[in-house]
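The values are calculated or read from the model by the stated rules, or taken from the named source; none is laboratory data. Quantities reported herein were computed from a predicted structural model and do not represent experimental measurements. Cβ atoms come from the backbone with ideal geometry, glycine included; neighbour counts cover every protein chain shown. SASA here: full protein model, heavy atoms, side chains in, ligands and nucleic acids out. Shrake-Rupley method; radii C 1.70, N 1.55, O 1.52, S 1.80 Å.
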Amino acid sequence: MKGNTGYFLRVDLSEGSIVTLDPPFDYYRKFIGGAGLAAKLFSEYGNLEADPLARDSLLIFALGPFAGLRLSGASRFSVAARSPLTGHWADSSCGGNFAPELRYAGFDGILISGMAPAASVLVITDSQTTIEPCPELWGLGVEKTTALLKERFGRSYKTLSIGPAGENLVKFACIMHDSHDAFGRAGFGAVMGSKNLKAIVVKSTEKNFLVDDPSACRNLVNDLNNRVKESVTASVLRENGTAANLEGGVHLGDVPIRNFTSNFWEEMAEELAGSSLSEKYLKRRSNCAFCNVACKRIVEIDDGPFAIPKGPGPEYETIVAFGSLLGSMDLAATCKAGRICNDMGMDTISCGATIAWAIEAFLKGDIGPADCNGLNLDWGDMDTVINDVLPSIALKEGALGKMLSEGSVASAKRIGAKTTEYTVHAKGLEVPMHDPRGGGHGLALTYATGHRGACHVATPMLFMEMGACYYPEIGFDYELDPLSSENKPEAAVIAFIIGSLENSSCMCQFADREITIPEWVDLFNVVAGLNWTIEDMMRTGRRIFYLQRLLNSKYGITAADDQISSRLLTPAVDGAPEGIEVEFEKMKTRFYELMDLDLATGLPSEKTLRDYDLEAEYKIILRD
């Protein structure tokens, strides 16, 4: 097998057993890798009835076929399982250096079940894999854990670890890679914590990566790397990071303010902009393996209440989640909050959104100091958020920590009254920091109909509505108006297919904006030897979309759940999108028609299941 190695590690922490699994080549051809192959392997090897935090739940790490290739954007990988936050199927992705190292060690991924008797670390090399005790690491933050792992095993080892939030089963706990990169969404840090798995480390002695057509691959990779390096996207991101367009987003109405109650705050725009971060706190830029974009920030704040030593800086989502979403325009506070979340191992999107819900509920009298560990919550009070709220969530301390550790939706259900109206989510996953009323109405559709819930990287819809990508080879050459429903269902069909390809090949959305459809096909063929046509590739992306919906159907998700919070369907009260209606039901109905989805079940018809060769998966997943 080329590109892929054809081998997964299968680890049972309860038994202490480690074996090698070799999925058939047909699995790779039908589901690629990453999120797609993880869904297939879960349907076949997972206990589909298991609670997300049960010992027999299955956690899957899966690489795409390009991990290890010296190509900008190709170093991401996926984690997937039943989400403890939402209760249904989900996946998340992470960049950095772990994926190439695991591929060089000889593996396409890891399947983990069971529960270790005590805190443990999974140690992977190209000669052996072992499960080793690490009681001294339990209770430590990610930064200290990472330092001690590298001290114990060697600085060249790549690490995945959880912080106290994962250990305490916070429902939006994340998995951190080398203290900087994150599997952020859906709570997979809690799944690791439930298994007493504190960390995974990997080291390879060789750096071999075999491809199907070395000469053609070399030429294609060189061309793509040069194009990415010289692209406008890379230049902007390299200069000012992922928050480079925050100012523009504010004027479009894309940036959420005070829990999505406002779409415009001019003074905040400049204060939180990527250019401000570069000017005030940036020490150097950083990149994932082999990437020419270098969008990551290394920052330092020398003094003041939010001083932090030199280390990972916040991305756009963190800046907004702990900035304007909480009614703050203190950039230093966003840096500090992001660093705490990294160290505690918490998703900044869900964490910030859950705190925003709590502040609104407090100010409207639905919760009080007795529910909040004696605290008073208010917009812009970042001292309280950083010094009191974040630690209480990670450690589940007091009434506030126990409540908010469950996420905004569960917290609202617990409090009742009108507080569910303040939640902003789809399928239980808090909405990322792009408001579809201003950022683009197509986002409302993809947030609602995506398998894991509200997600801005499940599809390239955000880029499509910005006019940043066109695919004329497959019929997508629309000039989309972000503030209209016109052509959005048609665009969403393409967006989900491309998104499935991106998340299954584990390519970064920033780099692959420079890749054309024919070049995508060429990459799959010269690297993995799939011998695809454009039609084959597009069918594969659509097949993965349908498989993920089959898994969600197992957990009770129907067409009725393809919804988004009412707040995002209520016309904005200010900014560019003021008074403009999002025609959600119109878009959803047309999208269902185009994708042949049943208006009650949300599933594809039997004919579509046959056409996309998913009859076997349907029988396995939805058997009575």
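Brief remarks follow.
- Candidate set: segment 407-434, residues that are over 24 Å from Arg82 (Cα atoms) and part of a loop (DSSP other than H, G, I, E, B); chosen: the one modelled with the lowest pLDDT: Ala417
- Residue list for segment 465-486, restricted to those being closer than 20 Å to Glu581 by Cα and part of a helix (DSSP H, G or I): Glu465, Met466
- Scanning segment 354-383 for residues that are of a type in the set (Phe, Trp, Tyr) and either in contact (Cβ under 8 Å) with a residue 60 or more places away in the chain or surrounded by fewer than 17 Cβ atoms within 10 Å (Cβ to Cβ) (or both) gives Trp357, Trp379.
Let's see how each residue does on (1) touching a Ser or Thr at 6+ places or on another chain (Cβ under 9 Å); (2) within 12 Å of Ser553 (Cβ to Cβ):
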position	(1), (2)
Glu583	yes, no
Lys588	yes, no
Tyr592	yes, no
Leu597	yes, yes
Thr601	yes, yes
Lys607	no, no
Arg610	no, no
Glu617	yes, yes
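- Taken over segment 267-312, the criterion of being open to solvent by 60 Å² or more (accessible area, probe 1.4 Å) and not in a loop (DSSP other than H, G, I, E, B) is satisfied by Glu267, Glu270, Glu271, Glu279, Lys280, Lys283, Arg284, Arg285, Pro309, Lys310.
- Test: residue in segment 36-55 that is farther than 26 Å from Asn208 by Cβ, of a type in the set (S, T, N, Q) and open to solvent by less than 10 Å² (accessible area, probe 1.4 Å): yes
- Residues in segment 156-201 that are over 23 Å from Pro117 (Cβ atoms) and open to solvent by less than 30 Å² (accessible area, probe 1.4 Å): Phe172, Cys174, Met176, His177, Ser179, Asp181, Phe183, Gly184, Arg185, Ala186, Gly187.
- If the condition is being open to solvent by less than 10 Å² (accessible area, probe 1.4 Å) and not in a strand (DSSP E or B), then segment 106-118 contributes Asp108, Gly114, Ala116.
- Condition broken by Ala417, with the remaining ones in (1) open to solvent by 20 Å² or more (accessible area, probe 1.4 Å); (2) under 27 Å from Leu547 (Cα atoms); (3) touching a residue at least 24 places away in the same chain (Cβ under 8 Å) satisfied: (2)
- On inspection, Glu397 qualifies as out of contact with any Ser or Thr (no Cβ under 9 Å at 6 or more places or on another chain) and either open to solvent by 10 Å² or more (accessible area, probe 1.4 Å) or closer than 26 Å to Phe188 by Cβ (or both).
- Evaluation of Val526 against (1) on the phi < 0 side of the Ramachandran plot; (2) open to solvent by 40 Å² or more (accessible area, probe 1.4 Å) (one fails), failing number: (2)
- Number of positions in segment 169-187 that are hydrophobic (A, V, I, L, M, F, W, C) and more than 21 Å from Glu101 (Cα to Cα): 5
- Some residue of segment 608-621 being among the aromatic types (Phe, Trp, Tyr), under 21 Å from Ile494 (Cα atoms), part of a loop (DSSP other than H, G, I, E, B) and open to solvent by 10 Å² or more (accessible area, probe 1.4 Å): yes
- Taken over segment 486-514, residues that are open to solvent by 10 Å² or more (accessible area, probe 1.4 Å), in contact (Cβ under 8 Å) with a residue 24 or more places away in the chain and more than 23 Å from Tyr612 (Cβ to Cβ) amount to 5.
- Of all residues making up segment 427-450, the number that are touching a residue at least 24 places away in the same chain (Cβ under 8 Å) and in contact with an Asp or Glu (Cβ under 8 Å, 6 or more places away or on another chain): 12
- The test for being assigned to a helix (DSSP H, G or I), under 27 Å from Ile319 (Cα atoms) and of a type in the set (A, V, I, L, M, F, W, C) holds for Val228.
- Every residue from segment 453-464 that is touching a His at 6+ places or on another chain (Cβ under 8 Å), open to solvent by 10 Å² or more (accessible area, probe 1.4 Å) and assigned to a loop (DSSP other than H, G, I, E, B): His456, Ala458
- Extreme residue, farthest from the chain's Cα centre (by Cα), among residues of segment 316-347 that are assigned to a loop (DSSP other than H, G, I, E, B) and buried (at least 24 other Cβ atoms within 10 Å of the Cβ): Gly323
- Residue satisfying all of: in segment 594-607; in a helix (DSSP H, G or I) and under 28 Å from the mean Cα position of the chain (by Cα); surrounded by the most Cβ atoms within 10 Å (Cβ to Cβ) among these: Met595
- Residue within segment 322-333 that is in contact with a Gly (Cβ under 6 Å, 6 or more places away or on another chain), closer than 20 Å to Lys396 by Cβ and among the small types (Gly, Ala, Ser) present: no
- Residue count for segment 203-226, restricted to those that are surrounded by fewer than 19 Cβ atoms within 10 Å (Cβ to Cβ), out of contact with any Phe, Trp or Tyr (no Cβ under 8 Å at 6 or more places or on another chain) and closer than 17 Å to Cys288 by Cα: 1
- Residue-level check: of (1) in a loop (DSSP other than H, G, I, E, B); (2) β-branched (Val, Ile, Thr); (3) touching a His at 6+ places or on another chain (Cβ under 9 Å), Thr446 misses just (1).
- Those residues of segment 527-573 which are outside any loop (DSSP other than H, G, I, E, B), closer than 26 Å to Lys2 by Cα and out of contact with any Gly (no Cβ under 9 Å at 6 or more places or on another chain), in sequence order: Ile534, Glu535, Asp536, Met537, Met538, Arg539, Arg542
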